1. Treating only the Cα positions of the stretch B:128-212 as identical point scatterers, give the base-10 log of I(q)/I(0) from the Debye formula at each q in 0.24 Å⁻¹.
2. If one computes the Cα centroid of the stretch B:28-60 and of the stretch A:38-76, what distance in Å separates the two points?
3. Going by how many other Cβ atoms sit within 10 Å of their own, how do A:385, A:152 line up, fewest first?
4. How far is helix A:110-129 tilted off the main Cα axis of chain A, in degrees rounded to 10, range 0 to 90?
5. Mind checking the mean number of beta-carbon atoms from other chains within 10 Å of the Cβ atoms in A:249-257?
6. Express in whole angstrom the spacing between the alpha-carbon centres of the stretch A:542-580 and the stretch C:56-77.
7. Using the eigenvalues of the Cα gyration tensor, what equivalent ellipsoid semi-axes result for the protein assembly as shown when each is taken as the square root of five times the eigenvalue, whole Å, largest first?
8. Pairing the Cα long axis of helix B:185-204 with the longest principal axis of chain B, what angle in degrees results, from 0 to 90 and rounded to the nearest 10?
Ligand SMILES: [Cu+2]
């Protein structure tokens with residue numbers, strides 16, 4: 001990026017490096033990198049929490065952790081991985097890739113994009129600041145009422161959770177509006193909806209889910225907040241409230257949230273498989289419609305998380321049916337991925353390893369998921385390690401494998417150098433084996449009746465060796481991610497010797513048509529698209545690989561000015577919400593004042 | 001390079017639709033689910049309050065452990081008046097927008113001021129209503145009716161207030177002569193938000209106030 | 001979807017008279033809502049009121065839906081604007097309605113179980 005020679009023609013040239021340039025950046029690529037770096041750090045924190053949990057459970061009746069500490073760790077592990085790791089890792093890719101893939105210079109609202117990032121990082125830091133007060137959230141990542149009531153959780157723990165999630169929700173909603181509009185409106189000429197790369201399609205569906213699901217948890221959290229702060233009784237039976245309402249509202253959000261986590265990885269895999277099979281994605285239209293169908297059905301299945309609350313036979317049947325139905329479009333996707341590989345000339349590069357790992361592990365997770373769709377089976381499995389096994393196959397075997405594959409795939413584009421293939425493949429095998437060692441025995445532990453979220457277990461129930469194997473597996477996962485960091489370090493050190501060309505993998509999508517890393521303006525000229533896989537078309541027409549694109553002077557290209565008002569507004573927003581927990585009304589009002597001040601300056605500053 | 005040039009350089013959008021207008025509609029779609037959650041809660045908790053006061057008169061209601069005559073807190077005439085004002089303010093902003101689009105500054109400023117006044121009146125009505133209910137013994141935490149009612153209508157009122165602030169900002173622009181016809185979109189966006197707040201009330205009014 | 005760009009602003013807008021007529025209709029529908037409410041709360045309804053009482057909920061919903069549609073179609077210009085905007089509004093609206101109905105149903109069904 002330092003090599004960009006672009007200057008502003010009509011504004012003082014902003015400095016391109018240093019802290020200030022990052023605090024005021026509105027460049028989607030830089031914001032993407034900020035998201036990625038932050039999310040990876042949170043991922044490591046969440047991973048550390050998981051290791052502590054596993055270390056406690058490695059032997060029966062262990063007292064390495066107290067019950068209280070254990071509660072905080074599993075709550076923060078879940079909350080961190082969902083809201084602070086997987087979602088922002090997706091946000092990194094939305095930011096970095098969507099404008100490049102649709103042939104745009106930036107997102108629709110660059111400053112709103114910066115605002116989303118700052119709100120996200122403030123929310124994440126706030127949530128983790130709870131550890132400093134020894135009051136990390138401890139009521140589980142889905143914070144069931146009435147465990148979260150003031151009566152049963154008198155400390156600040158749940159307050160951190162409620163307010164932290166509320167802040168993070170603002171970030172997600174702002175980003176969702178931005179990316180949805182970006183995809184609809186900023187596509188390059190000829191980039192019709194049915195020509196968009198599958199990652200962009202899955203991202204767009206994800207934004208729709210975010211837009212429709214997050215308002216619901218916002219309301220659920222508002223009720224919890226007023227119950228705790230002002231004494232209302234939304235979830236308190238003694239005041240006429242109903243704790244089950246929380247479960248409904250949470251899962252109306254929570255099930256679509258699962259697809260918010262997994263659809264972007266579906267998109268990643270759908271980009272990797274065709275490129276390394278050397279043939280177009282099989283069943284493009286079926287992939288699009290199955291994704292949309294999954295998202296649509298995703299709003300009609302939420303009560304499968306609540307069979308054990310006694311919904312009655314009618315509701316049980318309806319939600320069981322819709323849940324089983326959702327397996328059909330998911331199966332369509334899996335067959336299409338296999339169809340893409342079928343007969344392809346497979347290039348066994350690192351990203352393909354992870355994409356193949358994804359398919360295998362996600363199928364296992366999907367199958368155990370369909371098992372929970374049956375209420376009688378679910379009553380046996382719910383709240384046991386069987387469920388833990390299921391969603392780790394989906395989210396670790398699925399989402400994380402795809403993310404790591406995506407990291408190997410797009411790293412050269414983002415940073416201009418290749419990651420080491422050999423180390424990447426070693427990491428894959430360690431990850432693949434360790435992942436199964438960690439999570440496969442959980443199926444058995446769960447069916448033997450081992451409950452989730454209990455800090456220990458007694459010896460002699462047949463759980464001892466299963467848990468020991470799981471802990472050994474989790475250490476293997478730690479090794480795998482250490483190797484990933486070593487790979488980044490070693491590759492960075494050797495970046496001069498291993499620079500990335502514009503198109504290292506023979507890619508099909510537009511991001512590979514520009515230098516690695518891209519210049520600030522992305523495309524010197526907005527491309528015109530004539531079909532799917534535009535770069536393959538161009539190469540075919542050209543009769544071979546395209547010449548390496550040159551870095552050009554873009555001083556005549558109009559780009560938005562940097563701005564610090566998104567940061568100010570984000571700080572105001574966070575202070576306003578934190579006021580509910582500390583300082584009360586004066587702090588709320590200070591937050592509102594900063595929020596309005598920032599928003600007005602933002603609205604009226606020249607955008608360049 | 002002037003700002004007008006800068007705007008002219010924005011490439012045409014893929015759909016031909018204005019990006020900001022698309023964003024406000026996307027946001028409005030999202031808000032539907034926000035109010036749906038609040039309204040659902042109000043309805044789910046209907047008749048679940050353990051103590052009074054309650055919204056409507058009832059000859060037989062179970063309160064404090066015994067059947068008795070209960071008096072409702074709702075003042076239908078007052079809220080009907082507020083509802084009408086909010087509805088008309090939607091009409092006012094339509095007039096203001098057509099004034100802005102045709103470059104009729106008098107029409108723009110007049111009707112937009114009327115919209116802001118209408119919005120302020122509605123907020124005032126709501127503040128008075130809350131105050132009145134409070135004096136009838138209906139605190140925020142009194143029962144699940146009061147909690148869900150105040151949260152739902154309070155959030156709606158917050159939206160009205162934000163709408164008033166937004167429209168006032170546009171009004172200031174208009175008075176300063178910074179809202180020429182080619183920038184009428186600045187008002188159109190605020191007007192769309194304002195109409196949305198109005199249609200939410202069109203749902204709340206019968207569902208909350210008129211259904212027993 | 002790409003071909004559905006809208007006519008420019010200020011083009012094919014309904015007349016001012018139509019806007020005013022809609023305002024009047026909105027007012028009348030609101031009056032009907034309140035009227036239906038007043039009729040339904042009488043102690044011993046007879047004649048017309050006897051029909052209104054059992055139908056009060058559907059009557060109010062229909063009147064309210066009518067007002068909603070008028071504002072959305074004309075004041076929010078959905079009738080003449082791009083279908084994309086209508087989609088962005090109508091789809092979440094349907095989902096919102098389904099969720100409200102589902103939650104109310106779920107809580108009343110649970111109530112039947114002793
Ligand atoms: Cu689910």
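Only the coordinates and a few stated rules stand behind these numbers; no lab work does. None of the values given here were measured: they were computed from a predicted structure. Every residue, glycine among them, receives a Cβ derived from its backbone with ideal geometry; neighbour counts consider all protein chains shown.
1. -1.14
2. 41
3. On the way: A:385 28, A:152 11.
Least to most surrounded, the residues fall as A:152, A:385.
4. Here the helix axis deviates by roughly 30 degrees.
5. Mean number of neighbouring Cβ atoms from other chains: 2.
6. Measuring centre to centre over Cα atoms gives 42 Å.
7. Semi-axes, largest first: 45, 38, 25 Å.
8. 20
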